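The values are calculated or read from the model by the stated rules, or taken from the named source; none is laboratory data. Small disclaimer: the values here were computed from a predicted structure and weren't measured. In this analysis, Cβ positions are derived from the backbone assuming ideal geometry, glycine residues included, and neighbour counts consider all displayed protein chains. For accessibility, only protein heavy atoms count, side chains too; no ligands or nucleic acids. Shrake-Rupley method; radii C 1.70, N 1.55, O 1.52, S 1.80 Å.
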Amino acid sequence: MKTLLITFFALIGTPLFVMFGGITLYLFMHEGVNTAVIMIEFYRLASAPTLSAIPLFTFAGFILAESGAPKRMVDLAQSIIGSVPGAMPVVVILICAFFTAFTGASGVTIIALGGLLYPALLKAKYHDRFAIGLVTSCGSIGLLLPPSLPLILYGLIGQVNIDKLFIAGLLPSFLIFTLLALYSYFVSRKQKTERVCFEFSYVWKCIKEAKWEIPLPIIVLYGIYGGIITPSEAAAVTAVYVVLVEVFIKKEIRPFKDVPRIMVESITMVGGILIILGVAMGLTSYLVDHEVPTAILEWVRPHITSQAMFLLMLNVFLLIVGCLMDIFSAIIVVVPIITPIALQYGVDPVHLGIIFLTNLEVGYLHPPLGLNLFIASFRFKRSLFELYWATFPFLIIVLISLVVITYWPWLSTGLVELFAGH
Amino acid sequence: MKKFFSKIEKGLFVTEKTLLCVCLTVMLTVAALQVFLRNVFDTGISWAEVFTRHMVLFLLFFGASLATRRKTHLQMDLSHKLMPACVKPVFEVFIFIICIAVNSLLCKAAWVFMMGERESGSVLFYQIPTWCFIVIMPIGFGLISLRFVINFIQTIHDLILRRKPLPPEFSIPEVAILCSKEDDDS
């Protein structure tokens, strides 16, 4: 009865933080525990060292997406590799990955960059269906790359070292890029697309235009991988740098009109995620105290006998979760319960994180309810059905990558071990 | 009556927005200054870490309150994808009642927690007691409850006047962001 009631309220669209808050309140009151304990758990958020990276990176990403930076970077990338067949899709993939990694939310990429990338693909004579499919699918491509918000959130909740996750995501992302680029190459051969000629003077012009944005990934990556600054410090440096460049040097963002608006937009999104995290801390600690993960493990152990089978079930389970929830809520809800079980089956927490995020990435595109499909349908004014068709080949590619990433742990952990060896 | 409500709402909105921007700016300045001092001058602000993390708590509540205003809290995706726009307000009334109840209880819990910290007399840094930062928790949940009350009244009002509700896509945060430019100018 209680479960039915909870499911009903979840399905009619009760905000998740209210669901968790309500359930936790009920559980604590039922046991006669003071509800202030929920707040003690909530307050534990303020002792998480990487917490401040989340709002700062998101703010920086939103500023970048609103400025002229995407156009300058598209121009630059196109001027360098535009003469290679199938280059324009690769440009789209790279730019989308960069911005998804920064803004953390794939919908923002489609909404902010769709209007720039989609016409550019059409101009290069790619078919409409391919163009729409590519832009929609690329919305979630950068999830595994630093400094993506879901990666940080996974590290925070799963108690996994974020530096390791940042390294672990590199090869799997590279795999997805390569497969997508190969597919685009074949499409461009078939659709007789146009290429631009390589001109050194034009490349130079584009480099000069984008000279302030080029150092950005270097600052972030060198700062984090080089061990000079922590991820949250890198976030602060990035945010300040981006504000200085886009507001004061490029003057594309107005300091008194746009900056406060972008602050409000980015923090509204972050606040919506973090409040779920805070309220769920109480619920998670209740579940762990009452050994719910152990109970689930006892329950599944007779049915799931090997690691391979566990991974398969995990994939199916996460695909369903990915259809039902957005990525942030999914991480907050599922990670604390799944991690101890996965450990029992000998799955490395870093590998688990990459599987987790790749699965949810697929969930973004998965018909009938993938979030990217809905956002793109809204953005490009197309029917959902058209988008199912347009994204279908890309969905297959990401699914293939998912299988490889799941059953080839080295892809995720190999580089981490190599770096640890140093 | 309606004017009175929209005046309160507007005042709340402007205050929250202003405080949010101030908090983010202060946090950004302190965090960046800390990196600069630590790497260039080999010194630092001892309280910078703790302070920025507590600022995130402030941002969290202002952001969440604004998300309540915009009705963009994350939820199970099924509802806004499958539910027809005309049915949504009826369910919303139910949802808002639950939200008001839960948030008031959370607000009370946060109040008890804050008072407990106040009595314990713990200090965060220098002479600043911890409860001065925790105070945002009851205030935050209170603000969110208030926002839900406003949403509740608005929805009932729209139902009575048979005003057309926003299409359900608008509860996807990203879509709401796209449409927020006009929203903020009004």
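A:THR50: net charge of surrounding residues, Cβ under 13 Å, Lys/Arg +1, Asp/Glu -1, itself excluded?
Around A:THR50, the charge tally is -1.
Along Cα→Cβ, 7 Å out, is where each label goes; now give me the distance between the ones at B:PHE94 and A:THR178 in nm to one decimal.
Spacing of the two 7 Å Cα→Cβ label points: 5.1 nm.
Each label point is 7 Å from the Cα along the Cα-to-Cβ direction; what then is the distance between the points at A:PHE198 and A:ALA420, in nm?
About 4.1 nm separates the two model spin labels.
Per-residue accessible area for B:THR29 at 1.4 Å probe radius, Å² rounded to 10?
It works out to around 80 Å².
Between B:PHE125 and residues 5 or more places away or on another chain, which pairs have amide H atoms under 5 Å apart, with H built 1.01 Å from N, and which residues are they?
Amide H neighbours of B:PHE125: none.
Rounded to whole Hz and in sequence order, give me ³J(HN,Hα) for region A:191-197 from the Karplus expression 6.51 cos²θ - 1.76 cosθ + 1.60, θ = phi - 60°, writing x for Gly and Pro.
Along region A:191-197, the couplings run 8, 6, 7, 8, 10, 9, 7 Hz.
Under the rule that an exposed site lies in a DSSP loop and has at most 14 other Cβ atoms within 10 Å, name the longest stretch of chain A with no trypsin sites (Lys or Arg not before Pro) of that kind, not counting the sites themselves.
A:1-124
Would you mind giving the total buried accessible surface between chains A and B, with a 1.4 Å probe and ligands, DNA and RNA left out, rounded to the nearest 100 Å²? Walk me through the numbers on the way to the answer.
Details: alone 19550 and 12320 Å², together 25600 Å².
Counting protein atoms only, the buried area is about 6300 Å².
What pairs in B:LYS17/B:LYS88; A:LYS257/B:LYS7; A:LYS123/A:LYS190; A:LYS71/B:LYS17; A:LYS125/A:LYS190; A:LYS71/A:LYS211 have C-alpha atoms more than 18 Å from each other? The partial results should precede the final answer.
Working: B:LYS17/B:LYS88 28 Å; A:LYS257/B:LYS7 22 Å; A:LYS123/A:LYS190 16 Å; A:LYS71/B:LYS17 30 Å; A:LYS125/A:LYS190 11 Å; A:LYS71/A:LYS211 13 Å.
Over 18 Å apart, Cα to Cα: B:LYS17/B:LYS88; A:LYS257/B:LYS7; A:LYS71/B:LYS17.
Computed FRET efficiency, Cβ-Cβ of A:TYR26 and B:ILE160, R0 25 Å: what is it to the nearest 0.05? List each step's numbers first, then the result.
Numbers: r = 33 Å, r/R0 = 1.30.
Here the calculated transfer efficiency is 0.15.
Using the membrane-span-like helix rule (whole DSSP H runs, Cα extent along the own axis of at least 27 Å, mean Kyte-Doolittle hydropathy at least 0.5), which helices of chain A qualify?
Those that pass (Cα extent of 27 Å or more, hydropathy at least 0.5) are A:170-190, A:258-289, A:384-407.
Taking Cα pairs under 8 Å and at least six residues apart, what relative contact order does chain A come out at, in percent? All intermediate terms of the calculation are to be shown ahead of the outcome.
Numbers: 538 pairs, mean separation 107.6, N = 422.
Relative CO of chain A lands at 25 percent.
Using only the alpha carbons of region A:172-274, determine the length spanned along each of the three principal axes and report them from longest to shortest in whole angstroms.
47, 34, 31
With the contact rule set at Cα under 8 Å and sequence spacing of 6 or more, what percent relative contact order holds for region A:351-422? Intermediate results must be reported in sequence, preceding the final value.
Working: 40 pairs, mean separation 24.7, N = 72.
Dividing the mean separation by the residue count of region A:351-422 yields 34 percent.
Give me the net charge for the shell around A:SER79: Cβ to Cβ below 9 angstrom, other residues only, Lys and Arg +1, Asp and Glu -1. Don't skip to the answer; put the middle values down first.
On the way: positive: A:LYS205; negative: A:ASP75, A:GLU199.
Within the 9 Å Cβ shell, the charges total -1.
On average, how much accessible surface per residue is there in region A:269-335, in Å², for a 1.4 Å probe, leaving out ligands, DNA and RNA?
Values: 2650 Å² over 67 residues.
Value for region A:269-335: 40 Å² per residue.
Under 1.5 on a/c is rounded, so check that first for region A:82-201, then, if it is not, pick prolate when a/b is larger than b/c and oblate when it is not; a ≥ b ≥ c are the square roots of the alpha carbon gyration tensor eigenvalues. Can you show the working numbers first?
Numbers: a/c = 2.44, a/b = 2.02, b/c = 1.21.
It is prolate, given that a/c is not under 1.5 and a/b is the larger ratio.
Residues of region A:46-63 with accessible area at least 20 Å² lower in the all-protein-chain context than alone (1.4 Å probe)?
Listed by number, the residues meeting the 20 Å² cut-off are A:ALA46, A:PRO49, A:LEU51, A:SER52, A:PRO55, A:LEU56, A:PHE59.
In whole percent, how big is the carbon plus sulfur part of the accessible area of the protein assembly as shown, probe 1.4 Å, protein atoms only?
Working: 17880 of 25600 Å².
The value for the protein assembly as shown is 70 percent carbon and sulfur by accessible area.
For chain A, which span is the longest to avoid every loop-located (per DSSP) member of GluC sites (Glu not before Pro) having at most 16 other Cβ atoms inside 10 Å? Mind showing how you got there, number by number?
Working: sites that count: A:GLU31, A:GLU194, A:GLU199, A:GLU252, A:GLU291.
Free of exposed loop sites, the longest segment is A:32-193.
Percent relative contact order of region A:264-384, based on C-alpha pairs within less than 8 angstrom and at least six residues apart? Can you show the working numbers first?
On the way: 76 pairs, mean separation 32.0, N = 121.
Contact order relative to length: 26 percent.
Average partner chain C-beta neighbours within 10 Å, per residue of B:108-116? Display every interim value, and only then the final one.
Numbers: counts 4, 13, 6, 2, 5, 10, 3, 1, 4.
So the per-residue partner count for this stretch is 5.
Under a 10 Å cutoff between Cα atoms, tell me which one of A:GLY133, A:GLY226, A:GLY271 has the largest fluctuation in the Gaussian network model of chain A.
A:GLY226
Starting from the Cα gyration tensor of the protein assembly as shown, take the square roots of the eigenvalues, sort them a ≥ b ≥ c, and report rounded, prolate or oblate (rounded when a/c is under 1.5, otherwise prolate if a/b is larger than b/c, else oblate). Before the final figure, lay out the partial values.
On the way: a/c = 1.32, a/b = 1.28, b/c = 1.03.
The shape class here is rounded.
Provide a list, ordered by number, of residues in region A:352-377 showing at least 50 Å² less accessible area with every protein chain present than when their chain is taken on its own, using a 1.4 Å probe.
A:LEU369, A:LEU371, A:PHE374
State whether region A:250-337 is rounded, prolate or oblate according to the following rule on the C-alpha gyration tensor (a ≥ b ≥ c being the square roots of its eigenvalues): a/c under 1.5 gives rounded; otherwise a/b larger than b/c gives prolate, and the remaining case gives oblate.
Values: a/c = 4.91, a/b = 2.29, b/c = 2.15.
Prolate is the answer for region A:250-337, as a/c is 1.5 or above and a/b outweighs b/c.
With the calculation restricted to Cα positions, what are the radius of gyration and Dmax of region A:28-129 in angstrom?
For region A:28-129, the Cα-based Rg and Dmax read 21.1, 70 Å.
Rounded to a whole number, what is D in µm²/s for region A:10-84 from Stokes-Einstein with the Kirkwood radius over alpha-carbon pairs (10 °C, 1.306 mPa s)?
This corresponds to a translational diffusion coefficient of 93 µm²/s.
With just the Cα atoms defining each centre, how far is region A:123-139 from region A:289-352? Give it in Å.
With region A:123-139 and region A:289-352 each reduced to a Cα centre, they are spaced 35 Å.
Where Lys and Arg each count +1 and Asp and Glu each count -1, what net charge lies around A:LYS211 among other residues with Cβ under 12 Å from its Cβ?
Values: positive: A:ARG72, A:LYS205, A:LYS208, A:LYS250; negative: A:GLU209, A:GLU213.
Net of charged neighbours comes to +2.
Place a +1 charge on the Cβ of each Lys and Arg in the protein assembly as shown and a -1 charge on the Cβ of each Asp and Glu, then give the dipole magnitude about the Cα centre in debye, rounded to the nearest 20.
Numbers: 43 positive and 38 negative charges, 367 e Å.
Roughly 1760 debye, rounded to the nearest 20.
Could you give the accessible area per residue of region A:343-422, probe 1.4 Å, as a whole number in Å²?
Details: 3280 Å² over 80 residues.
I get 41 Å² per residue for region A:343-422.
To make sure I understand the rule: partners must be aspartates and glutamates, Cα under 17 Å from the Cα of A:LYS208, and not fewer than 8 residues away in the same chain. Which ones qualify?
Within reach: A:ASP75, A:GLU199, A:GLU246, A:GLU252.
Identify which of A:TYR126, A:TYR154, A:TYR345 has the largest mean-square fluctuation in a Gaussian network model of chain A, with springs joining Cα atoms closer than 10 Å.
Most flexible of the set in this elastic network: A:TYR345.
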